[in-house]
Amino acid sequence: MVKRLASAAQAALPLDDAAPAPLLQAGSAPAGAGGADVQAEAALQRYDWTAVGRQLDRQGWGLLPGLLDAAQCQQMAAMYDEAAHFRSRIQMQRHAFGRGEYQYFAYPLPALLQALRTALYARLQPVAEHWRQQLASATTPWPAQHAALLAQCHAAGQCRPTPLLLRYGAEDYNCLHQDLYGALVFPLQVIVLLSQPGEDFDGGELVLTEQRPRMQSRAQVLPLQLGDAAIIAVRERPVQGTRGSYRVQHRHGVSTVLRGQRHTLGIVFHDAE
Ligand SMILES: O=C(O)CCC(=O)C(=O)O
Ligand SMILES: [Fe+2]
C-alpha cells in the first residue's frame with residue numbers, strides 16, 4: 001500500500017477585517033446538522049480565490065491566512081488523543097518517512113473537517129481543471145462537487161479516508177514525499193498549522209520543493225502561523241514555457257522540530273487504496 005513516495009509570496013488576505021465566521025466545534029455535530037457546511041463556505045468567502053489561483057499557478061502553493069482561529073486549532077489538535085476519530089496510526093520512523101507520528105481520520109469525519117474538505121474542494125476544482133487542461137492530461141474533467149470525486153475514488157477501489165492529524169515533538173521531521181494513495185490523484189491538498197511557531201515549537205518548517213525538467217531542485221519554505229492553511233501541489237503543476245506547458249514536479253516535507261510540539265491537519269481530497 002503505497003501511501004507516500006519517498007524521495008515568499010503574497011498572501012491572499014481576507015477580503016474584509018471581519019472576524020471569521022465561527023465554524024462548528026470540531027466533532028460536535030453530524031455534518032450538515034448544525035450548518036457546518038454553510039459556515040465553512042462563509043469562512044472561505046473571505047479570500048480572494050483569483051489571487052489564490054495565481055499563487056498556485058506561479059509557485060505551486062498558496063496561503064489562506066487565519067483559516068482556523070486559535071480555539072479551533074486547539075480543539076483539532078486535542079482530537080489527537082481521542083482514538084475513536086481515527087482508523088490508523090503511523091509511526092514515521094518505522095516506514096522511513098521521517099520521525100514523529102500521524103493518524104488517519106475514520107469516516108464519518110468530524111463536522112468541521114468534513115465541511116472544510118467539501119468547501120475547499122469546490123474552490124480548488126477550477127484550478128485543478130485549469131492545470132489538467134494545460135497539461136493535456138488524458139484524464140476526465142474533475143467533477144465540481146467533492147462527493148462526485150469520492151464516488152470516482154470508491155469505484156476505483158480508493159475507499160479509505162486520507163485526512164490526517166500529525167504530531168511532531170523535538171527532533172521529529174517529515175521526509176520529502178508526495179501523498180498519492182492510488183492512481184486517482186486530485187492535484188491539490190491543504191495543510192493547516194494548528195500550533196504557533198516560536199511559542200509552541202521552533203524549527204519544523206513546511207518545505208515545498210519543485211523540480212523543473214533538467215534542473216536541480218529548488219526549496220520553498222512556507223511562512224505559516226497558527227491557523228493558517230497552505231494549499232500545495234500534490235505531485236506536479238504546469239508551467240508555461242515558450243513551446244507550451246511543461247510539468248514541474250513537487251514534493252513536500254517538514255524540517256526538524258527543534259523544540260516543543262507541532263500539530264498539523266492534512267486534507268487530501270482523493271481517498272486511499
Ligand atoms: O506537517 C506538515 O506540515 C506536513 C503534513 C503533510 O505532509 C500532509 O498533510 O500531507
Ligand atoms: Fe504530506
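The values are calculated or read from the model by the stated rules, or taken from the named source; none is laboratory data. Everything numeric in this text was worked out from a predicted model, so none of it was measured. As a convention, Cβ positions derive from the backbone with ideal geometry for all residues, glycine included, and neighbour counts pool all protein chains shown.
Remarks
- Those strands (runs of 3 or more DSSP E) lying entirely in the range 175-231 with at least 1 residues within 13 Å of ligand 1 (Cβ to nearest atom) and among the aromatic types (Phe, Trp, Tyr): 201-203
- Selection status of Leu124, touching a Leu at 6+ places or on another chain (Cβ under 7 Å) and more than 28 Å from Gln249 (Cα to Cα): no
- Qualifying positions in the range 140-174 - surrounded by 15 or more Cβ atoms within 10 Å (Cβ to Cβ), in a loop (DSSP other than H, G, I, E, B) and of a type in the set (A, V, I, L, M, F, W, C): Trp142, Ala170
- Within the range 256-273, the set of residues being under 19 Å from the mean Cα position of the chain (by Cα) and more than 10 Å from ligand 1 (Cβ to nearest atom) comprises Phe269, His270, Asp271, Ala272, Glu273.
- Selection status of Val207, more than 19 Å from the chain's Cα centre (by Cα) and either modelled with pLDDT of 95 or more or acidic (Asp, Glu) (or both): no
- Arg235 under 20 Å from the mean Cα position of the chain (by Cα), farther than 24 Å from Gln75 by Cβ and not aliphatic (A, V, I, L, M): yes
- Total residues in the range 170-179 satisfying the condition of being among the small types (Gly, Ala, Ser) and either within 15 Å of the chain's Cα centre (by Cα) or closer than 9 Å to Arg99 by Cβ (or both): the figure is 0.
- Listing of helices (runs of 4 or more DSSP H) fully contained in the range 1-110 that carry 1 or more residues being modelled with pLDDT of 95 or more, on the phi > 0 side of the Ramachandran plot and in contact with a Cys (Cβ under 7 Å, 6 or more places away or on another chain): none
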